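J.: Mind having a look at this structure? Questions to follow.
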Amino acid sequence: MSKVLIIGAGGVGRVVAFKCAQHPEVFSEILLASRTKSKCDVIAKDAMAATGHNKITTAAIDAEDVPALVALIKQFQPKMVINVALPYQDLTIMDACLETRVHYLDTANYEPKEEAKFEYSWQWAYHDRFKEAGLLAVLGCGFDPGVTGVFTARAAKHHFDEIHYLDIVDANAGDHGKAFATNFNPEINIREITQKGKYWENGKWVETEPFEIGQKINYPNIGPRQSYLLFHEELESLVKNFPTIKRARFWMTFGEEYLTHLRVIQNIGMASIEPVKFQGVDIVPLEFLKAVLPDPGSLGDNYTGQTSIGCRIRGIKDGKERTYYIWNNCHHAEAFKETGAQGVSYTTGVPAMTGAMMMLTGQWSGKGVFNVEEFNPDPFLEKLGPHGLPWEEVFDVDLEL
Ligand code: NDP
């Protein structure tokens, strides 16, 4: 039985709070803290009503203020922090964890505000400090990154002697009825997808223009969907941790309507992160855009359809080539019914809770900073289905890629 501090009260924070509250035998006391306390209060009230957990408290915190974080952690004394605020806060939260000797888990790698660039180097640089302090930091424990790394670890542990080709395929075939909205924080999402594409081939990164490479991919229970090659952060850790990989790519579906809106947003300068003067005040166009777009947390109501995310792998087992596909499909409506959040928040929050459970029960252990694929995938995948994200696997099928 442990105390846990959850930081961030967006769509993902809501799901993490609900899922932790469903397991009081592990998460005996929960403190939900975020910039806007009123959002935490609503989530805490809903989660307690839905689960019967009676020890969820809330607090206001600016997670970029290390002394304030340290004071909050010292006062509550959690065993670990689950960071589901924004990637900008990763390093300050890690600093506070080091100072207070508390374990750490997040779902997205650090990104500086002033530059749309995400990579693990900043957080990997904390490895020695976490190791010396005897602490564990688990990076990227959402779905992608997160479950996709665990799926790859399962493939490597049980089904392949060498993985050669890895394609992560991510479809959101949901319909929220809005002309344009993003499924998680619009600022982070638009920064991610307007970057150049990148994939790993024969020991080096190959760069593409945004949305330059696309093709139709068939997703289970969904059918064919136009999918585009993007860079996604787990590619960086997976090619490092599985050095037999010759090529690793990431594909995500985007509809025509979404891409048209995105093109307009870019063409008129609203995707820019360079501040502009407006009526004497500096504003960042993308931050302003975020304020007028639908709140991803509000998309759950009437969101129909499902997501499908998985790994398509080709490699060698016992001297023979084989293919393997492992995936999860998640229904937006079912996620909403259970937690009041849509499927993208749900598929992120459930693995974050499951990873935290692995840490608190000692099934994932270590000293230092690690990515999820470095741990034993079996206990995590045993729990993932019962926690709400059942997965399936097939062998020797046409991977299409
Ligand atoms: P939201 O924007 O809905 O929520 C972010 C929350 O963080 C808000 O409650 C916000 O507070 C809070 N926050 C922002 N800045 C601070 C700060 N300085 N101090 C304290 N709290 C702060 O995002 P999501 O819930 O959709 O996403 C959460 C995280 O999950 C993101 O890092 C995202 O990148 C990641 N993610 C990972 C995925 C994966 O599969 N690995 C998929 C989807 C998301 P306020 O309410 O005041 O704005």
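J.: Can you say what percent of the DSSP beta bridges in the chain, counting only those with both residues inside, are antiparallel? Round to 5. It would help to have the intermediate numbers written out before the result.
T.: Values: 48 of 80 bridges.
Around 60 percent of the beta bridges assigned by DSSP in the chain are antiparallel ones.
J.: Run the quick spin-label model on ALA59 and ILE316: label points 7 Å from Cα toward the beta carbon, then report their separation in nm to one decimal.
T.: 5.4
J.: Still on this structure, I have one more. Give me the one-decimal Kirkwood hydrodynamic radius in Å for the chain, with the sum taken over alpha-carbon pairs.
T.: Values: mean 1/r = 0.0468 Å⁻¹.
Roughly 21.4 Å, rounded to one decimal.
J.: Something else now. With the other protein chains left in place, how much accessible area per residue, in square angstrom, belongs to the chain at a 1.4 angstrom probe? Numbers along the way, then the final one.
T.: Numbers: 16440 Å² over 401 residues.
Value returned for the chain: 41 Å² of accessible area per residue.
J.: Can you spot the lysines whose alpha carbon is less than 25 Å from LYS79's alpha carbon? Ignore those fewer than 8 places along the same chain.
T.: Within the straight-line limit of under 25 Å, LYS79 reaches these lysines: LYS3, LYS19, LYS37, LYS39, LYS45, LYS55, LYS131, LYS367, LYS383.
J.: Shifting gears a bit: If amide H atoms are built 1.01 Å from N in the plane of the peptide, which residues on other chains or at least 5 residues away come under 5 Å of the amide H of SER227?
T.: Result for SER227 returns GLN215, LYS216, ILE217.
J.: Let me ask something additional. What order do you get for 197-205, 130-138 when each peptide is scored by the mean count of other beta carbon atoms within 10 Å, highest first?
T.: Numbers: 197-205: 14.6, 130-138: 19.6.
Descending packing order for the listed peptides: 130-138, 197-205.
J.: With θ taken as phi - 60° and the coefficients 6.51, -1.76 and 1.60, list the Karplus ³J(HN,Hα) couplings across region 213-219 in order, rounded to whole Hz; mark glycine and proline as x.
T.: 10, x, 7, 7, 10, 8, 10
J.: What are the ³J(HN,Hα) values, in whole Hz, obtained from phi via the Karplus relation 6.51 cos²θ - 1.76 cosθ + 1.60 with θ = phi - 60°, for each residue of region 299-309 in sequence order, with x given for Gly and Pro?
T.: So the J values, rounded to whole Hz, are 7, x, 4, 6, 6, 10, x, 9, 9, 8, 10.
J.: Right, next: Lys and Arg at +1, Asp and Glu at -1: add these up for the other residues within a Cβ distance under 13 Å of VAL150 and post the number.
T.: Numbers: positive: ARG154, LYS157, LYS383; negative: ASP144, GLU234, GLU373, GLU374, ASP378, GLU382, GLU393.
Local net charge: -4.
J.: Can you work out the FRET efficiency for the pair LEU399 and LEU289, with r the C-beta to C-beta distance and R0 = 25 Å, to the nearest 0.05? Before the final figure, lay out each step's value.
T.: Working: r = 37 Å, r/R0 = 1.48.
Computed FRET efficiency for LEU399 and LEU289: 0.10.
J.: If you roll a 1.4 Å probe over region 277-401 with all protein chains in place, what percent of the accessible area is carbon or sulfur? Write out the running numbers ahead of the final one.
T.: Details: 2680 of 5350 Å².
Answer for region 277-401: carbon and sulfur cover 50 percent of the accessible area.
J.: Give the peptides 373-383, 390-400 in descending order of average Cβ contacts within 10 Å, highest first.
T.: Values: 373-383: 18.5, 390-400: 12.5.
Averaged packing, sorted descending, gives the order 373-383, 390-400.
J.: Dipole magnitude of region 2-139 about its Cα centre, charges +1 at Lys/Arg Cβ and -1 at Asp/Glu Cβ only, in debye to the nearest 20? The partial results should precede the final answer.
T.: Numbers: 15 positive and 17 negative charges, 114 e Å.
The calculated dipole for region 2-139 is roughly 540 debye.
J.: Given a 1.4 angstrom probe, I'd like the percentage of the accessible area of region 108-164 that is carbon and sulfur, rounded to a whole number.
T.: On the way: 870 of 1970 Å².
For region 108-164, the apolar C and S fraction of the accessible surface comes to 44 percent.
J.: For every helix of n ≥ 4 consecutive DSSP H residues, a contribution of -39,500 (n - 2.57) applies; sum these over the chain, divide by its total residues, and give [θ] at 222 nm rounded to the nearest 500 deg cm²/dmol. Intermediate results must be reported in sequence, preceding the final value.
T.: Details: 14 runs with 137 residues, N = 401.
Calculated from helices alone, the mean residue ellipticity at 222 nm is -10000 deg cm²/dmol.
J.: For a bin width of 5 Å, list the pair-distance distribution of region 2-139 built from all Cα-Cα distances, rounded to whole %.
T.: Going out from 0 Å in 5 Å bins, region 2-139 shows 2, 11, 21, 23, 20, 13, 6, 2, 0 percent.
J.: Can you spot the lysines whose alpha carbon is less than 20 Å from LYS117's alpha carbon? Ignore those fewer than 8 places along the same chain.
T.: LYS196, LYS198, LYS204, LYS240, LYS290
J.: Given PRO78, GLN123, ILE61, which one lies farthest toward the positive end of the charge dipole of region 2-139, if we put +1 on the Cβ of every Lys and Arg and -1 on the Cβ of every Asp and Glu?
T.: Farthest towards the positive pole: PRO78.
J.: Now, a different point. Sort out for me the Cα centre separation of region 69-119 from region 324-401, rounded to whole Å.
T.: What the calculation gives is 21 Å, centre to centre.
J.: Whose amide H sits under 5 Å from the amide H of GLN342, counting only residues 5 or more places off or on another chain, with H placed in the peptide plane?
T.: GLY300
J.: Quick check on packing: order 6-16, 95-105, 357-367 by the mean number of other C-beta atoms within 10 Å, highest mean leading. Intermediate values should be presented prior to the final figure.
T.: Details: 6-16: 29.1, 95-105: 20.9, 357-367: 17.5.
Top to bottom by mean Cβ count within 10 Å: 6-16, 95-105, 357-367.
J.: For PHE242, which sequence-distant residues (separation of 5 or more, or a different chain) have an amide H within less than 5 Å of its own amide H, given hydrogens modelled in the peptide plane?
T.: Distant-sequence amide H within range of PHE242: zero hits.
J.: Let me ask another. Using a basic spin-label model with each label point 7 Å from the Cα along Cα→Cβ, how many nm lie between GLU114 and ASN302?
T.: 4.3
J.: What ³J(HN,Hα) values, in whole Hz, does the Karplus curve 6.51 cos²θ - 1.76 cosθ + 1.60 give for region 336-344 when θ = phi - 60°, with x put for Gly and Pro?
T.: Going residue by residue, I get 5, 4, 7, 10, x, 10, 6, x, 6 Hz, with x marking Gly and Pro.
J.: Using Cα pairs closer than 8 Å and at least 6 residues apart in sequence, work out the relative contact order for region 260-401, in percent. Walk me through the numbers on the way to the answer.
T.: On the way: 167 pairs, mean separation 30.0, N = 142.
Rounded, it is 21 percent for region 260-401.
J.: A follow-up question, please. Report the one residue of MET270, CYS141, GLY223 whose Cα lies farthest in the direction of the positive end of the charge dipole of the chain (charges on C-beta: Lys and Arg +1, Asp and Glu -1; origin at the Cα centre).
T.: CYS141
J.: Oh, and also: Obtain the nm distance between the two label points defined at SER272 and THR194 by a simple spin-label model: each point lies 7 Å from its Cα along the Cα-to-C-beta direction.
T.: Each label point is offset 7 Å from its Cα along the Cβ direction, giving 1.0 nm.
J.: Please give the net charge around ASP41, taking every other residue with its beta carbon less than 14 angstrom from that of ASP41, where Lys and Arg add +1 and Asp and Glu add -1. Present the calculation step by step, with values, prior to reporting the outcome.
T.: Numbers: positive: ARG14, ARG35, LYS37, LYS39, LYS45; negative: ASP46.
Taking every other residue near ASP41 into account, the sum is +4.
J.: Shifting gears a bit: Using the Cα centre of region 192-260 as origin and beta-carbon charges of +1 (Lys, Arg) and -1 (Asp, Glu), tell me which of TRP205, GLY255, ILE245 is placed farthest towards the positive end of the dipole.
T.: After comparing all options, I get ILE245.
J.: Related question: Defining a contact as two alpha carbons under 8 Å apart and six or more residues distant in sequence, what relative contact order in percent does region 2-139 show? Kindly include the intermediate steps, with their values, before the conclusion.
T.: On the way: 251 pairs, mean separation 30.5, N = 138.
This gives 22 percent for region 2-139.
J.: Could I ask something else about it? Which value, in debye to the nearest 20, describes the size of the charge dipole of the chain about its Cα centre when Lys and Arg Cβ atoms bear +1, Asp and Glu Cβ atoms bear -1, and nothing else is charged?
T.: Values: 39 positive and 52 negative charges, 115 e Å.
For this selection, approximately 560 debye.
The values are calculated or read from the model by the stated rules, or taken from the named source; none is laboratory data. Bear in mind that the values here come from a model prediction, so they are computed numbers and not experimental data. Cβ atoms come from the backbone with ideal geometry, glycine included; neighbour counts cover every protein chain shown. In case anyone asks, the SASA skips ligands and DNA or RNA and just uses the protein heavy atoms, side chains included. Shrake-Rupley method; radii C 1.70, N 1.55, O 1.52, S 1.80 Å.
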